[in-house]
Amino acid sequence: MGTIRTLKAGVSNNAGFTLVELTMVILVIGIMLAITMPRVGGVFERQQLRRTVNVLRGTVRYLHARAALTKRVYRLTVDLDHHVLSVCYLTAEGCQPELTRELRDYVLPAAVHIVDVVTPQGEKIREGQAMTHFYPTGLAEPSMVHLEGGQEQRITVIIEPLAGRIKVFDGYVEPEAS
């Protein structure tokens, strides 16, 4: 004769898992996600901030070299309202957009915001547009761009007047008094 199989609560059979076992696994996964997601989000936002700084660094270097090579005055425009970096060169007709792939408009990621831009005259611009010019002589107008990422992480980017370089500082650095 055949044997009668009995099942006990909480003990799985060969056919699969019990509801209690599945609930426990889902609970553990939920707790792990709740702990790790804020950290992962912060890493992603810091990465976007670093990428924006690298784009700014590359654009400044390229404009410095391009101005000397083409004997044109280039303008880097920071649109604080739309969070866009754009480039053009000056002609008698006005500012002509640069159509090369390297200098297309850069829209900042959603997690990165421009706090303000300090002009060569020391004025802090918090809305509208701020401009920095690069001259064929190798000089650039010194400017300071303050960026903010998620979790209130701030970065200061200083465009130096010589050599097409920038300095990057953690935090919000105030301009030096002249």
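The values are calculated or read from the model by the stated rules, or taken from the named source; none is laboratory data. Treat the numbers as computed from the prediction; the structure is a model and nothing was measured. Here Cβ is always computed from backbone atoms with ideal geometry, including for glycine, and neighbour counts include all displayed protein chains.
One table, with the values for the structure above:
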read-out	value
Those strands (runs of 3 or more DSSP E) lying entirely in the range 126-178 with at least 3 residues of a type outside the set (Asp, Glu), within 17 Å of the chain's Cα centre (by Cα) and buried (at least 16 other Cβ atoms within 10 Å of the Cβ)	143-148, 154-159
Selection from the range 106-121 of residues that are over 19 Å from residue 162 (Cβ atoms) and either exposed (fewer than 12 other Cβ atoms within 10 Å of the Cβ) or of a type in the set (A, V, I, L, M, F, W, C) (or both)	107, 108, 110, 111, 112, 114, 115, 117
Failed condition for residue 121, given (1) of a type outside the set (D, E, K, R); (2) more than 16 Å from residue 61 (Cα to Cα); (3) free of Cβ contacts under 8 Å to residues at least 60 places away in the same chain; (4) part of a strand (DSSP E or B)	(4)
Selected residue (criterion: farthest from residue 134 (Cα to Cα)) from residues of the range 60-100 that are acidic (Asp, Glu) and surrounded by fewer than 17 Cβ atoms within 10 Å (Cβ to Cβ)	81
Qualifying residue in the range 76-98 (condition: of a type in the set (A, V, I, L, M), over 18 Å from residue 59 (Cα atoms) and assigned to a loop (DSSP other than H, G, I, E, B))	yes
Filter pass, residue 103 being in contact with a helix residue (DSSP H, G or I) (Cβ under 6 Å, 6 or more places away or on another chain) and surrounded by 11 or more Cβ atoms within 10 Å (Cβ to Cβ)	no
Residue among 142, 109, 97, 136 that alone is modelled with pLDDT under 90 and not charged (D, E, K, R)	97
Any pair with Cβ under 8 angstrom, 6 or more apart, that starts in the range 88-107 at a residue that is closer than 17 Å to residue 73 by Cβ and ends at one that is among the polar types (S, T, N, Q) and in a strand (DSSP E or B)	88/77; 88/96; 89/96; 90/96; 97/86
